[in-house]
Every structure is written in structure tokens, then in C-alpha cells.
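Chemist: Encoded as C-alpha cells, here's the structure I'll be asking about.
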């Protein structure tokens, strides 16, 4: 998609690990960072979105001069298996490729806090009505995850409707370790824990010059953590 807010938002792409700014060039992958340019009420200064994107191009035949990007996942969702970065959305893409033998619904099970995950990666997926030999299907899904993502996986196939449904963004990771409780108001299938991130904010002061006048404003800088 095109980024069309350059008059109002200054965009950077940074390395999620180091925070170093990366060039806005085709093929660059990193985390989006926003700074508001025209907003004085609760503006954002270098707000880390936690969205991991790839730059698809810096021009287009349609005439737009802004860059094109594709969101590939969340930096705070990233898992590391045997040194390989794995995004839950990428696992879901593999699982969804087996439709209709699989419904496309899946969750990754974590027994310990990430991002490091001891192999194999545990994946629960719903089989569809067209599924025949579940044992062969399990081996096929595990093989494709290994081939596409370069990580070993252990896939558990469950009945359709077993995994929870979410009104908003699907929770692709289920945390099994202590300390992860189900937030009030989120309904799930019994035995399945849903998690939702919490937001934290702090107020800082930003001194800047605009139209020849020096101003100081209060600014709220928020960060989202899973």
C-alpha cells in the first residue's frame, strides 16, 4: 500500500533491535516510527508502532511519490527458533495455504516467555471438513513450515471451532506459562487463554520553533507492549 500522510507525519524505518534508522529504499525491512508534524494536541515524537514492514518501492506508475510498504507482522510478536526469526503471521500464512483441509485458524503455544523458543515450534491448527488422513496432513503441514520458514514444528490438529474467535485482531500466540491471565471481558473457548497488550504513556516536553515563534508544548509519548 502507499503511504499518503507525508504532509502530516514524518516516517522512519528503524532496526527493531538497535533502533538505528534505515534508508527508505526498496527491499528494506524494519519497524515503522512516526513523528506528527501538524498536531499540537497530544502529538507523537518518534512513536514506535511495533509494526514490521518491508518497503515495496519508492515510486509508482499511478503518479504518487510516496513509498509503498507491506506490513508483515509485529516486532513484539517475533519469535526466534534456532536463530531464525519467525513471525506468527508467517506461520498462519502457511497454515492458511492448506485450506480447505485446514480452516486457517491456528495458534502457537509458548511454554516460556519469548522471543527465544526451544524447538520444535508448537502449533495448534483446526482441520477442515475436507481433511481425510489427519496423520498424513500433520506431517505435510510440519514439512511445509520447515521448508518455508526453516524451523522445525510440531503440529496438533484439532476439531473445527476449537480455537477462539476474536472480534478484532486474532491472537496467534497462546502463552502457557504462569503470569499470563485472561483479561476481563474477553470470551474464549474453555482452556484457551487470550492475551491483550497494555499501553503505557508518559508526558514529556517538546521545544520547537514554528513560524518564527519558539513554543513549548506538552506531548504524550505512548508505546504499546504485548
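Chemist: Using Cα-Cα distances under 8 Å and only pairs 6 or more residues apart, what relative contact order does segment 78-195 have, in percent?
Modeler: Numbers: 211 pairs, mean separation 31.6, N = 118.
With pairs under 8 Å counted, the relative contact order is 27 percent.
Chemist: Order by neighbour count: 55, 145, fewest other Cβ atoms within 10 Å first, most last.
Modeler: Values: 55 20, 145 23.
Placing the least packed residue first, the sequence is 55, 145.
Chemist: Next question. Once you place label points 7 Å from the Cα toward the Cβ at residue 4 and residue 158, how far apart are they in nm?
Modeler: 4.0
Chemist: Same structure again: Using the basic label-point model (7 angstrom from Cα toward the beta carbon), what is the residue 80 to residue 140 distance in nanometres?
Modeler: 3.5
Chemist: Could you tell me the center-to-center distance, by alpha carbons, between segment 23-39 and segment 68-123 in angstrom?
Modeler: 24
Chemist: Is the shape of segment 78-195 best called rounded, prolate or oblate, per the rule: a/c under 1.5 gives rounded, else a/b larger than b/c gives prolate, else oblate, with a ≥ b ≥ c the square roots of the Cα gyration tensor eigenvalues?
Modeler: Working: a/c = 1.92, a/b = 1.12, b/c = 1.71.
Oblate, because a/c is 1.5 or more while a/b does not exceed b/c.
Chemist: Turning to a different aspect of this structure: Only counting other Cβ atoms within 10 Å, I'd like 166, 98 sorted with the fewest neighbours first. Mind showing how you got there, number by number?
Modeler: Values: 166 14, 98 19.
With the sparsest Cβ surroundings first, the list reads 166, 98.
Values quoted throughout were computed directly from the atomic coordinates according to the rules given, and no laboratory measurement underlies them. Just so it is clear, the model here is predicted, and its values are computed rather than measured. Note that we place each Cβ from the backbone using ideal geometry, even for glycine, and neighbour counts take in every protein chain shown.
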